[in-house]
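The structure under discussion appears below in the form of structure tokens.
The values are calculated or read from the model by the stated rules, or taken from the named source; none is laboratory data. These figures come from a predicted structure and were not determined experimentally. With ideal geometry, Cβ positions are generated from the backbone for all residues, glycine too; neighbour counts draw on all protein chains shown.
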Amino acid sequence: MLKLMLGGLAALLLVASAVLWMLRPGAQRLAGGAAPDFALPDQDGQTHRLGDYAGRWLVLYFYPRDDTPICTQEACRFRDDIGILGDLDAAVVGVSLNDTRSHADFARKHQLPFPLLSDPEGKTAAAYDSLLNLGLMRFARRRTFIIAPDGHIAARFDKIDPASHAQDVARTLRTLQQTARQAPLPAK
């Protein structure tokens, strides 16, 4: 009987912990809000800031590690579809906790035509609710944000299929842009 009660208590604590974690300040708050600012170096050492992309669409994607199979597939799909995204006036920027040297090797090896930003402390990933902290190991969660030209987060992708993600992003961008063109002007 005691064993059963302790098991039930443990299960209750686990569920409560999960609920509290999901309801923590900042969780899921980003969609529709202002995009958090960042200033991070790319694979060539050049610093990129959110303001550098003002006036155009930005696809900001977070990924766990350079040169792993799924991260490589996702990056190469963005590479292959960079023309489509460019035609939609969207810049593509990848972010992980890897250092700039790792990014440079990854970008060169796979001929990636877009910046890969280094966030070794995970501050930007955390600001975008995309940091996975496992104690001794930290990674960026695989998430993508479409940031509108005015700096607000227009779309957020939490569940990603790397094989089709670039096409999903392009489809969402088209819809967002069509909606923006059809929106009535605010009354004065």
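Are any residues in the range 139-149 surrounded by fewer than 20 Cβ atoms within 10 Å (Cβ to Cβ) and more than 10 Å from Ser96 (Cα to Cα), and if so, which ones? Residues satisfying the conditions are Ala148, Pro149. Could you please let me know if Arg56 is surrounded by fewer than 19 Cβ atoms within 10 Å (Cβ to Cβ) and closer than 20 Å to Phe139 by Cα? Here the answer is no, as Arg56 does not meet what is asked.
In this structure, Ala163 qualifies as of a type outside the set (Lys, Arg) and out of contact with any strand residue (DSSP E or B) (no Cβ under 9 Å at 6 or more places or on another chain). With respect to the stated conditions, Tyr53 is over 15 Å from the mean Cα position of the chain (by Cα), aromatic (Phe, Trp, Tyr) and modelled with pLDDT of 95 or more.
Restricting Leu131, Leu116, Leu112, Leu173 to residues that are out of contact with any strand residue (DSSP E or B) (no Cβ under 7 Å at 6 or more places or on another chain) and of a type in the set (A, V, I, L, M) narrows the list to Leu112. Lys159 falls short on exactly one of the conditions (1) under 23 Å from Gly32 (Cβ atoms); (2) under 18 Å from the mean Cα position of the chain (by Cα); (3) at pLDDT 95 or above, and that condition is (3).
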